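Only the coordinates and a few stated rules stand behind these numbers; no lab work does. Owing to the predicted nature of the structure, the values given are computational and were not obtained by experimental measurement. Every residue, glycine among them, receives a Cβ derived from its backbone with ideal geometry; neighbour counts consider all protein chains shown.
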Amino acid sequence: MPIYALGEKTPRIDPTAFVHPDAVVIGDVTVGPSSSIWPCAVLRADHGKIVIGSGTSIQDGSVIHCTSTYDTVVGDRCVIGHGVHLEGCRIESGSLIGSHAVVLHNAVVGPTALVGACALVGNNKIVPPNARALGVPATITQGVVTNEDIEHSAQIYIRNASWYSEDLRLLD
């Protein structure tokens, strides 16, 4: 798997995390225990840092970046769907970001919140705890998301990370 230092910026990946061989991790990136980084995901921390908590999945084709002003921080037990773009934002623990959603600079997705597929959470936008953000730009509905809505998906990817770590093999 391509894991790159950039000058003094070196990724720190917990030994219990799974990083797929086709994912790319560059620079000041921290990946926590039992987290997973799936094929074609790119985590590039060149001008700031990226922190991924424990038990979080960064799914296929997602791009996680930061800026010199805003780090990107993803909490514990988050589900970051396929093709998501996170840049200079904070995703609190227990949240789900749907496939192909975009969350931009200085935006905050509160704990146990859900950003729907293809939604755009623009600069400086706040998605409160237990809220759902849908559309472009995202419209927020508060008080509709529960831990049970997200925990099942988080558990699937924690189990998949363990399974893939043990059984994935390249065939010629």
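What ranking of 64, 126, 37 emerges when the number of other C-beta atoms within 10 Å of each C-beta is taken as an exposure proxy, fewest first? Let's see the in-between values first.
On the way: 64 24, 126 15, 37 30.
Arranged by neighbour count, lowest to highest, 64, 126, 37 become 126, 64, 37.
Calculate the dipole size of the chain relative to its Cα centre from +1 charges on Lys and Arg beta carbons and -1 charges on Asp and Glu beta carbons; express the result in debye to the nearest 20. That gives a dipole near 340 debye.
Once you have the Cα-Cα distance between residue 153 and residue 68, take 0.36 nm times their residue separation minus that, and quote the gain in nm to one decimal.
Working: separation 85, 0.36 × 85 = 30.60 nm, distance 3.21 nm.
27.4 nm is the gain from fully extending residue 153 to residue 68.
What angle do you read, to the nearest 10 degrees and between 0 and 90, between the alpha-carbon axis of helix 147-167 and the longest principal axis of the chain? Approximately 10 degrees, to the nearest 10.
The residues 4, 70, when put in order of fewest to most other Cβ atoms within 10 Å, stand as 4, 70.
With r as the distance between the Cβ atoms of residue 126 and residue 172 and R0 = 41 Å, compute the FRET efficiency 1/(1 + (r/R0)^6) and round to 0.05.
0.25
What does the extension gain come out to for residue 9 and residue 40, with contour length at 0.36 nm per residue minus their alpha carbon separation? Mind dumping the intermediate values first?
Working: separation 31, 0.36 × 31 = 11.16 nm, distance 2.13 nm.
My answer for the length gained is 9.0 nm.
Spatial offset of the stretch 103-152 relative to the stretch 64-102 amounts to 11 Å, using the alpha carbon center of each.
Go from 0 up to the bin containing the longest alpha carbon distance in the stretch 16-81, width 10 Å each, and give me the % of pairs per bin. Histogram of Cα-Cα distances, whole percents per bin: 26, 60, 14, 0. The residue among 157, 34, 50 whose Cα reaches farthest toward the positive pole of the charge dipole of the chain, with charges on the beta-carbon of Lys, Arg, Asp and Glu, is 50.
Debye sum, Cα scatterers, the stretch 3-166, no solvent: what log₁₀ I/I(0) at q = 0.09, 0.12, 0.16 1/Å? One equal scatterer on each Cα of the stretch 3-166 leads to -0.25, -0.44, -0.79. Residue order for 14, 71, 28, fewest other beta carbons within 10 angstrom first, comes to 14, 71, 28.
Normalised by the number of residues in the chain, the average gap of Cα pairs under 8 Å and 6 or more apart makes the relative contact order 14 percent. Subtracting the Cα-Cα distance of residue 165 and residue 117 from their residue separation scaled by 0.36 nm leaves 14.5 nm.
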